[in-house]
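Enquirer: My questions all concern the structure below.
The values are calculated or read from the model by the stated rules, or taken from the named source; none is laboratory data. These numbers come from a predicted model, not from an experiment. All Cβ positions, glycine included, derive from the backbone under ideal geometry; neighbour counts span all protein chains shown. In case anyone asks, the SASA skips ligands and DNA or RNA and just uses the protein heavy atoms, side chains included. Shrake-Rupley method; radii C 1.70, N 1.55, O 1.52, S 1.80 Å.
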Amino acid sequence: MTEKTCAACDCQLDANPIRVKVGGKTVEVCCEECAQALNEAGASAAGTRED
């Protein structure tokens, strides 16, 4: 079985990963902190910013 890792920090994912949509693609992360980081990176890359 292939181990899954967090899209943000490469930590091993548990049985309940958080799914985040970035650039039209869904990725899995290990925690809310990584989800927030990917959302911010995605917004920055798209040229938008949420304040």
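Enquirer: Among the candidates Cys6, Cys11, which residue alone is under 9 Å from the mean Cα position of the chain (by Cα) and surrounded by 10 or more Cβ atoms within 10 Å (Cβ to Cβ)?
Expert: Only one candidate passes the filter, namely Cys6.
Enquirer: Among (1) part of a strand (DSSP E or B); (2) open to solvent by less than 50 Å² (accessible area, probe 1.4 Å), which single condition is Ala43 missing?
Expert: That leaves (1) as the condition not met.
Enquirer: I'd like the residue in the stretch 21-38 that is of a type in the set (Gly, Ala, Ser) and either assigned to a helix (DSSP H, G or I) or under 8 Å from the mean Cα position of the chain (by Cα) (or both) and, out of all such residues, is surrounded by the fewest Cβ atoms within 10 Å (Cβ to Cβ).
Expert: It comes out as Ala37.
Enquirer: Somewhere in the stretch 27-46, is a residue without any contact (Cβ under 8 Å) to a residue 12 or more places away in the chain and β-branched (Val, Ile, Thr)?
Expert: Within the stretch 27-46, not a single residue is without any contact (Cβ under 8 Å) to a residue 12 or more places away in the chain and β-branched (Val, Ile, Thr).
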